[in-house]
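A.B. asks: Can you keep this structure in mind? I'll have questions shortly.
The values are calculated or read from the model by the stated rules, or taken from the named source; none is laboratory data. None of the values given here were measured: they were computed from a predicted structure. Here the Cβ positions follow ideal geometry from the backbone for every residue, glycine too, while neighbour counts run over all protein chains shown.
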Amino acid sequence: MAGQRVATIDLDSRQKSLTHWAKRTLTDLELAVHFSVARAEGANVHENEAVEFADKVITAVQHCHFLVIDAPPHDSYLMRLAHSIADTLVSPLNDSFLDLDVLAMVDPVTFAVTEVSHYAEMVRKARRLRRSVDGAMTDWVVARNRLPLLGACVKPIICEGLNELGLRLGFRVTEGFAERAIYRELFPRGLTALDDLDEIMPCTEPDPLCLTARQEVRTLLDTLRLPLDERGRRRAAARAQWFASCDNPLDTHEILDT
Ligand SMILES: Nc1ncnc2c1ncn2[C@@H]1O[C@H](COP(=O)(O)OP(=O)(O)O)[C@@H](O)[C@H]1O
Ligand SMILES: [Mg+2]
């Protein structure tokens, strides 16, 4: 991601972790724009929030290569809106039935998937909405998180359930991140595992645990297949143009040309 201009929007106005991290970031990542959408109050909350959010999204896509939106875990109008505009949706999932429950309910005896749950249902609707607007299909990636360091797959039943559900709902499953203290330690410094810590903190030995975490992050980024090449950039520019033109009324000649 080096050299990419990245905008971030924090929709989790209670937790604000992304905002706190972005404030401290010292990295060479060109964090050009950061927005945090304030908690709105009043009669027209949905409309006010949506207008503010749309404004920020348009600014971001016009000035940056990538826009990262951190969504809150609780359901809200804005959270659904964010899901419907995402090209790539990453859902981190802890390896437990408690977390799997937001995607699907399972049979207590056989652990077979019996019903699709609220979050998966919301994503299904958001993707359908997106498809009807510009024909694009959100790439949904469920990243397993906080995996125990011992044993590649301690809970094979969850793996099987997730893979089955992925086929049903159209998401890809990826081994995301193991449970590592290093991720927590980098947060207050505004760093990521990808940063060159030798440069930022000279005279410290390269930490093998940090190198493993860095590899984990790189693997996840590869899995996401982000538009980092020229073709991807052209597509992103075309999208930005499309967003920018949404506000402009059509000229008479544009209508006559179609
Ligand atoms: N891979 C990981 N390794 C270690 N701790 C993690 C990992 N992922 C999340 N955590 C910890 O789990 C807690 C919740 O994570 P967070 O990303 O803030 O979730 P959310 O935004 O959904 O509340 C935090 O204390 C965070 O440090
Ligand atoms: Mg959070």
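A.B. asks: Quick check on my filter: what residues within segment 105-121 are modelled with pLDDT under 90 and crowded, with 16+ Cβ neighbours inside 10 Å?
C.D. replies: Matches in segment 105-121: V106, V113.
A.B. asks: Considering only segment 129-143, I want to know if a residue exists there that is surrounded by fewer than 16 Cβ atoms within 10 Å (Cβ to Cβ), modelled with pLDDT of 85 or more and within 16 Å of ligand 2 (Cβ to nearest atom).
C.D. replies: No, segment 129-143 has no match at all.
A.B. asks: Next up: I'd like to check something: does segment 150-171 contain any residue that is closer than 24 Å to S17 by Cβ and at pLDDT 90 or above?
C.D. replies: First, the residues of segment 150-171 that are closer than 24 Å to S17 by Cβ: 171.
With the extra rule that they be at pLDDT 90 or above, the set shrinks to 171.
Scanning segment 150-171 turns up at least one residue that is closer than 24 Å to S17 by Cβ and at pLDDT 90 or above.
A.B. asks: Can you tell me which residue within segment 15-40, out of those that are in a loop (DSSP other than H, G, I, E, B) and closer than 18 Å to L81 by Cα, is modelled with the lowest pLDDT?
C.D. replies: Initially, segment 15-40 is screened for residues in a loop (DSSP other than H, G, I, E, B), giving 15-16, 25-29, 37-40.
Add one more test, that the residue is closer than 18 Å to L81 by Cα, and what stays is 37-40.
Values: V37: 75, A38: 71, R39: 63, A40: 57.
Among those residues, the one meeting the criterion is A40.
A.B. asks: Residues to consider are T223, T204; find the one that is hydroxyl-bearing (S, T, Y) and at pLDDT below 85. Even if it seems obvious, please write down each step before you answer.
C.D. replies: Details: T223 fails: at pLDDT below 85.
Only one candidate qualifies: T204.
A.B. asks: Take A213 and tell me if it is assigned to a helix (DSSP H, G or I), over 30 Å from D134 (Cβ atoms) and modelled with pLDDT of 65 or more.
C.D. replies: Numbers: assigned to a helix (DSSP H, G or I): yes; over 30 Å from D134 (Cβ atoms): yes; modelled with pLDDT of 65 or more: yes.
Considered against the rule, which asks whether it is assigned to a helix (DSSP H, G or I), over 30 Å from D134 (Cβ atoms) and modelled with pLDDT of 65 or more, A213 comes out as yes.
A.B. asks: While we're looking at this one, here's another question. Could you tell me which of the residues A71, A54 is at pLDDT below 90 and of a type outside the set (D, E, K, R)?
C.D. replies: A54
A.B. asks: May I pose another question? Going residue by residue through segment 120-142, is there one that turns out to be of a type outside the set (A, V, I, L, M, F, W, C) and within 15 Å of ligand 1 (Cβ to nearest atom)?
C.D. replies: First pass over segment 120-142, keeping only residues of a type outside the set (A, V, I, L, M, F, W, C): 121, 124-125, 127-128, 130-132, 134-135, 138-139.
Filter once more, so that each one left must be within 15 Å of ligand 1 (Cβ to nearest atom): none.
No; the residues of segment 120-142 include none that is of a type outside the set (A, V, I, L, M, F, W, C) and within 15 Å of ligand 1 (Cβ to nearest atom).
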